[in-house]
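Taken together, the values in this text are just the output of simple stated rules run on the coordinates, not laboratory data. A quick note: this is a predicted structure, and the numbers were derived from the prediction, not measured.
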Amino acid sequence: MANVNPKAIADLAARWQEPTADHAQEALTALRSVYAQYPMIPAMKAAVAHYSKDPEWSRVRPPLLALEPSQHSKLIAELEKLASRCLGFNSQNDIDLYAKHSLLINLPSYL
């Protein structure tokens with residue numbers, strides 16, 4: 001996860017004794033649980049491909065296999081649902097704007 005979420009992890013490590021630490025850990029754990037439902041590397045690459053709008057990011061090397069289209073769609077839907085819950089987004093436009101700046105893989109960066 002540190003490859004796609006370094007800021008949030010570093011922020012939590014730096015602020016682990018602050019009152020917001022439990023909330024930050026919950027957000028990181030929720031994000032990790034979404035990715036854990038899929039092969040990790042293909043899932044992270046699929047998310048980067050989706051939010052960067054660059055499908056080449058989905059490419060994986062053997063023995064890894066890219067996510068199936070249904071898996072990709074489900075992953076993105078789960079990430080966007082998590083973003084809505086964790087960040088309070090109310091529209092697809094909010095999610096798109098956030099994703100443009102953080103690839104939606106750095107959810108707890110709001111701390």
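A few remarks follow.
- Filter result (in a helix (DSSP H, G or I) and over 16 Å from Ala83 (Cα atoms)) within segment 33-53: Met40, Ile41, Pro42, Ala43, Lys45, Ala46, Ala49, Ser52
- Scanning segment 54-84 for residues that are of a type outside the set (Gly, Ala, Ser), within 22 Å of Ala30 (Cα to Cα) and in a helix (DSSP H, G or I) returns Gln71, His72, Lys74, Leu75, Ile76, Glu78, Leu79, Glu80, Lys81, Leu82.
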